[in-house]
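Values in this text are rule-based calculations from the coordinates and carry no lab data. Since this is a predicted model, take the numbers as computed values, not measurements. Note that we place each Cβ from the backbone using ideal geometry, even for glycine, and neighbour counts take in every protein chain shown.
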Amino acid sequence: MKNLITLTSLIKSISSNEEMNQVIDIIKMKQKQLRNIKARNVRASIKVGDTVKVDGRNGLRIGTVEKIKVKKAIVMIDGRLWDCPLTILEAA
């Protein structure tokens with residue numbers, strides 16, 4: 001909680017659009033880094049043929065991994081193939 005208060009006070013101290021844009025760029029870089037770490041961990045934990053949970057727009061679905069690519073996997077869900085980002089997959 002203390003870190004959140006510190007972050008909030010730092011954000012409130014931003015005094016120009018240039019500073020705001022720098023903060024936004026840093027946050028975007030960190031978000032990308034965290035996504036890449038999650039994708040790497042998922043890729044290491046699944047293999048072709050595994051059953052996975054897919055947490056997508058249509059809610060939580062169960063499917064089978066058909067192919068694993070760099071940032072996505074082809075998953076068979078209810079007889080259809082879906083190109084799913086690794087970040088929305090979880091080993092079932």
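Restricting region 62-92 to residues that are of a type outside the set (D, E, K, R) and not in a strand (DSSP E or B), which is farthest from A39 (Cα to Cα)? Among those residues, the one meeting the criterion is G79.
Filtered by the rule that a residue be surrounded by 12 or more Cβ atoms within 10 Å (Cβ to Cβ) and hydrophobic (A, V, I, L, M, F, W, C), region 48-67 gives V52, V54, I62, V65.
Can you confirm whether region 6-16 contains a residue that is in contact with a Pro (Cβ under 7 Å, 6 or more places away or on another chain), outside any loop (DSSP other than H, G, I, E, B), without any contact (Cβ under 8 Å) to a residue 60 or more places away in the chain and of a type outside the set (F, W, Y)? No.
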